[in-house]
1. Only one of (1) modelled with pLDDT of 80 or more; (2) of a type in the set (Ser, Thr, Tyr); (3) part of a loop (DSSP other than H, G, I, E, B) fails for residue 40. Which number is that?
2. With the condition kept exactly as written, say whether any residue in the range 48-60 is of a type in the set (S, T, N, Q), surrounded by fewer than 17 Cβ atoms within 10 Å (Cβ to Cβ) and under 23 Å from residue 20 (Cβ atoms).
3. Just one of 47, 21 is farther than 14 Å from residue 102 by Cβ, aliphatic (A, V, I, L, M), modelled with pLDDT under 75 and not in a strand (DSSP E or B); which is it?
4. Kindly evaluate residue 80 against the criterion of being of a type outside the set (D, E, K, R) and either buried (at least 18 other Cβ atoms within 10 Å of the Cβ) or at positive phi (or both).
5. Specify the residue that is nearest to residue 33 (Cα to Cα); the eligible residues are those in the range 100-158 that are outside any helix (DSSP H, G or I) and among the hydroxyl-bearing types (Ser, Thr, Tyr).
6. Can you tell me which residue within the range 64-122, out of those that are free of Cβ contacts under 8 Å to residues at least 12 places away in the same chain and among the small types (Gly, Ala, Ser), is farthest from residue 24 (Cα to Cα)?
7. Could you tell me how many of the residues in the range 114-158 are out of contact with any Ser or Thr (no Cβ under 9 Å at 6 or more places or on another chain), under 30 Å from residue 92 (Cα atoms) and surrounded by 10 or more Cβ atoms within 10 Å (Cβ to Cβ)?
8. Applying the selection to the range 83-109, what residues are within 15 Å of residue 63 (Cβ to Cβ) and surrounded by fewer than 18 Cβ atoms within 10 Å (Cβ to Cβ)?
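The values are calculated or read from the model by the stated rules, or taken from the named source; none is laboratory data. Only a predicted model underlies this, so the values are computations on that prediction, with no experimental measurement involved. Cβ placement follows ideal geometry from the backbone for every residue including glycine, while neighbour counts extend to all protein chains displayed.
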Amino acid sequence: MKDLQVAFNAANSLLIIMLEITPDRFFDETELTFEYIKATGPGGQNINKVSSAVRLRYNFIKSEFLNTKEKDRLRKIAAHRVTEDGYLLIEAHRFRTQIQNRADVINRFVSLINTAIRFPRIRIRTHPSRIARATRQIEKKKHGTIKRLRSNIPNDWE
């Protein structure tokens, strides 16, 4: 799990947990809502009794953590996980315990936010050098002569 930074707000007597997204950006965990639901799949009676799956809800439209470009990128990346009213939903039910599923959903959320924050580098188009073009032409000529020699069948061959 990513590093957590804990801050204590003395004025409100609150314990604020901050998730480390990048070394210089921290996310306030109070913006996340966790809902514990019953998981699907195998597990016997434990599945019917315990709500071990975790659903994370994050309203990224109202959040101030992401700028508008990052919000648009997050909407494109996680299109099937975003509701119409701007909530990002991530579910985790891989593990049997709430704690493990909560850690899993937080890790997946952090990796999703990381991909939204980091924009891909724009490729700078370059041209092949003169030597590279000449080498390519030589290779093409050589390949063409090989094919030409392969296709010629002598007349006296029987």
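1. Answer for residue 40: the failing condition is (1).
2. Within the range 48-60, the first condition is being of a type in the set (S, T, N, Q), and the residues that meet it are 48, 51-52, 59.
Checking the rest, the ones that are also surrounded by fewer than 17 Cβ atoms within 10 Å (Cβ to Cβ) come to 48, 51, 59.
Now restrict to residues that are under 23 Å from residue 20 (Cβ atoms): 59.
Yes, the range 48-60 contains a residue that is of a type in the set (S, T, N, Q), surrounded by fewer than 17 Cβ atoms within 10 Å (Cβ to Cβ) and under 23 Å from residue 20 (Cβ atoms).
3. Being farther than 14 Å from residue 102 by Cβ, aliphatic (A, V, I, L, M), modelled with pLDDT under 75 and not in a strand (DSSP E or B) holds for just one of 47, 21, which is 47.
4. Working: of a type outside the set (D, E, K, R): yes; either buried (at least 18 other Cβ atoms within 10 Å of the Cβ) or at positive phi (or both): no.
So residue 80 fails the test.
5. Per the criteria, the residue is 126.
6. This residue is 79.
7. 3
8. Selection gives 83, 85, 86, 87, 89.
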